[in-house]
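Q: Below you will find the structure I want to go over with you.
Here, each number is a calculation from the coordinates, and none is a lab measurement. What you are looking at is a predicted structure, and each value in this text was computed from that prediction instead of being measured. Virtual Cβ from ideal backbone geometry, glycine too; neighbours counted across all protein chains shown.
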Amino acid sequence: MLRATNVSVSYGAAPVLSDVSLSIAPGEVVAVLGPNGAGKSTLLAVLSGALAPTHGQISLEDKALSDWTPRDLALRRAVLQQESILSFSFRVLEVVMLGRSPHQAMGGVSADDSAVSYRCLKAMDVEHLSDRIYTTLSGGEKQRVQMARVLAQLETSRDSEAAGYLLLDEPTNSLDLSHQHSILETACRSAREGAGVLAILHDVNLAAMYADRIVVLRKGEIIAMGSPDDVLTEETIQFAFNLKVSILQHPTRGRPHVMVI
């Protein structure tokens with residue numbers, strides 16, 4: 001389990017997260033919602049180990065994140081940033097292969113690394129772009145390539161019993177409607193295969209459709225956490241986003257569906 005316990009983060013005198021506690025278990029998708037500036041990306045940075053909390057602790061499998069070696073941590077969790085800047089003329093396949101770096105021995109790239117990378121490209125519907133120069137892609141194509149990279153990073157041998165964790169910061173950015181659903185369906189499939197997934201989302205209805213649990217942040221504090229039915233209420237959404245809504249039921253999924261009124 002990946003766990004944050006009483007985590008606070010401050011930049012100077014300004015608090016960004018205040019006494020936040022949550023966990024991500026293998027096999028579940030947790031969506032984080034909240035207005036701009038609520039602390040969502042800071043929470044992901046702390047959970048990933050990229051940022052040390054001012055107070056509190058992050059642990060992975062009951063071991064402090066700071067006690068993991070960089071390689072061992074990279075084998076257990078993969079991070080998709082909001083924006084991944086790459087200015088070198090790498091081919092798409094080479095970008096995805098970067099995700100295999102923690103798995104590679106001194107001998108370098110193996111046939112298995114190549115097979116995993118192609119499989120992840122196919123899962124993200126960008127296999128046909130494998131020889132394209134990454135910098136020539138559209139924003140949505142780059143996002144899908146980066147998702148393929150983190151999937152390749154997290155994929156381990158089939159006999160491994162260790163759970164992996166996907167941390168996704170606004171993974172649907174720049175994507176068309178079809179690929180928004182595709183990338184979240186892939187995240188759900190990873191959870192069904194044993195990974196723990198945390199995704200920061202702006203679309204409340206995407207969170208309702210795909211998440212097992214939803215966390216709502218406001219001004220650095222968790223104001224609601226639980227199932228979509230428990231969290232997505234008119235009162236919570238108005239408090240978090242200052243927006244009046246009506247909650248309906250999705251006609252086929254039976255999940256809450258948020259309509260602005």
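Q: Exactly one condition in (1) under 26 Å from residue 185 (Cβ atoms); (2) surrounded by fewer than 18 Cβ atoms within 10 Å (Cβ to Cβ); (3) free of Cβ contacts under 8 Å to residues at least 40 places away in the same chain is not met by residue 125; state its number.
A: (3)
Table: residues versus (1) over 26 Å from residue 162 (Cα atoms); (2) surrounded by 14 or more Cβ atoms within 10 Å (Cβ to Cβ).
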{"residue": "179", "(1), (2)": "yes, yes"}
{"residue": "192", "(1), (2)": "no, no"}
{"residue": "196", "(1), (2)": "no, yes"}
{"residue": "222", "(1), (2)": "yes, yes"}
{"residue": "252", "(1), (2)": "yes, no"}
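Q: Hey, among 207, 199, 240, which residue is of a type outside the set (Ser, Thr, Tyr), in a strand (DSSP E or B) and under 27 Å from residue 16 (Cα atoms)? Quick ask: steps written out before the conclusion?
A: Working: 207 fails: in a strand (DSSP E or B); 240 fails: in a strand (DSSP E or B).
After ruling out the rest, the residue left standing is 199.
Q: If you go through the range 1-55, how many residues are farther than 25 Å from residue 235 by Cα and among the basic types (Lys, Arg)?
A: Counting residues in the range 1-55 that are farther than 25 Å from residue 235 by Cα and among the basic types (Lys, Arg) gives 1.
Q: Is it fair to say residue 89 is surrounded by 19 or more Cβ atoms within 10 Å (Cβ to Cβ) and of a type in the set (Ser, Thr, Tyr)? Let's see the steps before the verdict.
A: On the way: surrounded by 19 or more Cβ atoms within 10 Å (Cβ to Cβ): no; of a type in the set (Ser, Thr, Tyr): yes.
Here the answer is no, as residue 89 does not meet what is asked.
Q: Scanning the range 210-237 for residues that are in a strand (DSSP E or B) and of a type in the set (Gly, Ala, Ser), which turns out nearest to residue 39 (Cα to Cα)? Before you say what the answer is, go through the steps one by one.
A: So the first thing to find is which residues in the range 210-237 are in a strand (DSSP E or B), and the list is 213-218, 221-226.
After this cut, where a residue has to be of a type in the set (Gly, Ala, Ser) as well, the list is 224, 226.
Values: 224: 14, 226: 18 Å.
Step by step, filter the range 210-237, then rank; the result is 224.
Q: Can you find, within the range 57-88, the residue that is nearest to residue 23 (Cα to Cα) among those that are part of a helix (DSSP H, G or I) and without any contact (Cβ under 8 Å) to a residue 60 or more places away in the chain?
A: If we filter the range 57-88 for residues that are part of a helix (DSSP H, G or I), which is where we start, we get 65-67, 70-76.
Still in the list and also without any contact (Cβ under 8 Å) to a residue 60 or more places away in the chain: 65-67, 70-73.
On the way: 65: 13, 66: 17, 67: 18, 70: 21, 71: 22, 72: 20, 73: 17 Å.
If we take residues in the range 57-88 being part of a helix (DSSP H, G or I) and without any contact (Cβ under 8 Å) to a residue 60 or more places away in the chain, then 65 is nearest to residue 23 (Cα to Cα).
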